[in-house]
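First comes the structure, then the notes that go with it.
The values are calculated or read from the model by the stated rules, or taken from the named source; none is laboratory data. Note that the structure is predicted; figures quoted are calculated from it, not measured. Glycine gets a Cβ as well: all are built from the backbone with ideal geometry, and neighbour counts include every protein chain shown. Only protein heavy atoms, including side chains, enter the accessible area calculation; ligands, DNA and RNA are left aside. Shrake-Rupley method; radii C 1.70, N 1.55, O 1.52, S 1.80 Å.
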Amino acid sequence: MTPQTEQAPLATGPKRNSLGLRLWHWANTAVISGLLLTILFLFVIVQMKTVGPEFQKVLAAEGVTFSREQVRGLTRIVSHRIWGWHIGLGVALTVLLVLRIVVEVVQKGGQRFGVKLAVARRVFRQRGPSCKTLATPCWLNIPTSPST
């Protein structure tokens with residue numbers, strides 16, 4: 001009688017990704033949040049069309065009078081500063097995309113997205129249509145031995 005070796009289960013607890021992938025993920029989250037915040041700040045919080053008259057009121061209370069064109073110049077300065085941040089964050093997002101491609105190439109075999117996608121595809125084909133619903137998370141309990 002020959003001893004049988006047990007195969008390690010493919011899904012044992014929470015899956016941990018590599019440090020590079022986790023750093024990329026959180027940096028990507030921060031950059032996209034920053035991009036959304038710049039748009040939110042520019043169009044919702046500051047509202048450049050209404051900030052000009054507010055500048056004029058505050059300056060008039062201080063005894064400074066500005067023409068409409070001068071106030072428009074102030075609002076443009078604020079707008080350009082916010083867009084500067086937005087453009088910088090867009091460049092950072094592009095760098096992160098390139099970094100993600102590099103991390104994908106350098107990853108270990110089981111950590112690569114293509115390998116994970118192939119495993120998910122295999123499980124879906126084994127389980128069939130019952131795996132389509134989220135009520136039965138069949139991708140969590142992958143069989144450890146081939147079905148007979």
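Odds and ends about this structure:
- Here V64 meets each of (1) over 25 Å from L36 (Cα atoms); (2) touching a Leu at 6+ places or on another chain (Cβ under 7 Å); (3) among the β-branched types (V, I, T) with one exception, condition (2).
- Restricting the search to helices (runs of 4 or more DSSP H) fully inside the stretch 9-113 and requiring at least 3 residues that are within 29 Å of V123 (Cα to Cα) and either in contact (Cβ under 8 Å) with a residue 40 or more places away in the chain or open to solvent by less than 50 Å² (accessible area, probe 1.4 Å) (or both) gives 19-40, 68-106.
- Selection within the stretch 78-124 - of a type in the set (D, E, K, R) and modelled with pLDDT of 85 or more: R81, R100, R121, R122
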